[in-house]
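The values are calculated or read from the model by the stated rules, or taken from the named source; none is laboratory data. Being a predicted model, the structure only gives us computed values, none of them experimental. Here the Cβ is made from the backbone with ideal geometry for all residues, glycine too, and neighbour counts use every protein chain on show.
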Amino acid sequence: MTASLRVVDAAPRAGAAAPLIRLSGVALDLGDRRIINGLDLDLGRGEFVCVVGPSGCGKTTLLRLLSGLVQPSAGSILRDGRPIDGPAQDVAIVFQDYGRSLLPWRSVAGNVSLALEAARVPRAERASRIAPLLAQVGLGNHADKYPAELSGGMQQRLQIARCLAQRPAVLLMDEPFGALDAMTRQSLQDDLLALVRRHGTTVLFITHDLEEAIYLGDRVVALRANPGTGASSLAQDIAIGLPHPRDQLSTREHPEFLRLRRFLFDFIQEPRP
């Protein structure tokens, strides 16, 4: 079953392009508990990396480390060879709780404008940047509406548009589609793939949905729960060889998709110490 799976070698290869982000021996302790241990991981430029694993394995903690909101207890996290020591303007985070991430007193256009204001984009330039972004996420005809007037899927599209307004080099996404219905989730998956490939954005996408991880990812990284101070948190790093563009029907019926799903399902279901 696993013969077709290509596990990514974490060691750098001669002549290979330097990664955008490199984690080396990263550990994080919260109190007396080790959440992440001995994590070595590279993120390439323009790469879409999905992270899965059992509850409590440190998926959201990894996102916080990459955002600079939390510093590791050991090891290093480098971006372009420099330590990540705090939040950066070109790193955007999309949360699962889209409702609380939007300002209810601002219109759709006003919420996107918030990111431009933070970046000190002149007022005269904002409208010309907001309109194309809203069109890209399917909200071009809703600029004057308020978040309460939007469906859940539209609110999440708005949050993504606001993040893209930052023109991020890195997009960190914490289960952004988990609360949406299946049809809306699939539509947003396809829109997201098109958007990030158009902009060349590097994405780290956290999900509990194994099919979503395989469908979206260039790679799927599986984390190990309760690593302690022995085993590395990195349990699997699998290259996804499914062709692009991906399709909600044919991709999910592809034999390789089914093999990958079974492999990851068996990993998640393995007994834990």
Output for Cβ contacts, cut-off 9 Å, separation at least six or different chains, first residue assigned by TED's automatic domain parsing to the domain that holds D190 and crowded, with 16+ Cβ neighbours inside 10 Å in segment 246-259, second polar (S, T, N, Q) and at pLDDT below 95, reads R246/Q189; R259/T2; R259/S4
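Test of understanding: among L195, L264, which residue is in a helix (DSSP H, G or I) and over 28 Å from L134 (Cα atoms)?
Details: L195 fails: over 28 Å from L134 (Cα atoms).
Step by step, each of L195, L264 is checked, and only L264 is in a helix (DSSP H, G or I) and over 28 Å from L134 (Cα atoms).
Take V203 and decide whether it is part of a helix (DSSP H, G or I), within 12 Å of the chain's Cα centre (by Cα) and within 28 Å of R129 (Cβ to Cβ).
Numbers: part of a helix (DSSP H, G or I): no; within 12 Å of the chain's Cα centre (by Cα): yes; within 28 Å of R129 (Cβ to Cβ): yes.
It is false that V203 is part of a helix (DSSP H, G or I), within 12 Å of the chain's Cα centre (by Cα) and within 28 Å of R129 (Cβ to Cβ).
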Of the residues in segment 65-104 that are over 19 Å from the mean Cα position of the chain (by Cα) and small (G, A, S), the one that is nearest to D144 (Cα to Cα) is G81
Result of the Cβ filter at 7 Å on segment 36-55, keeping first residues that are over 12 Å from I238 (Cα atoms) and of a type in the set (D, E) and partners that are in a loop (DSSP other than H, G, I, E, B) and at pLDDT 95 or above, at least 6 apart or interchain, is E47/D218
Q) Does R167 meet the test of being farther than 20 Å from P87 by Cα, of a type in the set (K, R), out of contact with any Leu (no Cβ under 6 Å at 6 or more places or on another chain) and at pLDDT 85 or above? A) no
_Qualifying residue in segment 144-160 (condition: without any contact (Cβ under 8 Å) to a residue 60 or more places away in the chain and among the aromatic types (F, W, Y))_ = yes
Checking Q71, Q96 in turn, the sole residue that is of a type in the set (S, T, N, Q), touching a strand residue (DSSP E or B) at 6+ places or on another chain (Cβ under 9 Å) and not assigned by TED's automatic domain parsing to the domain that holds F177 turns out to be Q96
Note: among P227, P243, just one is part of a loop (DSSP other than H, G, I, E, B) and either touching a Pro at 6+ places or on another chain (Cβ under 6 Å) or at pLDDT below 90 (or both), namely P227
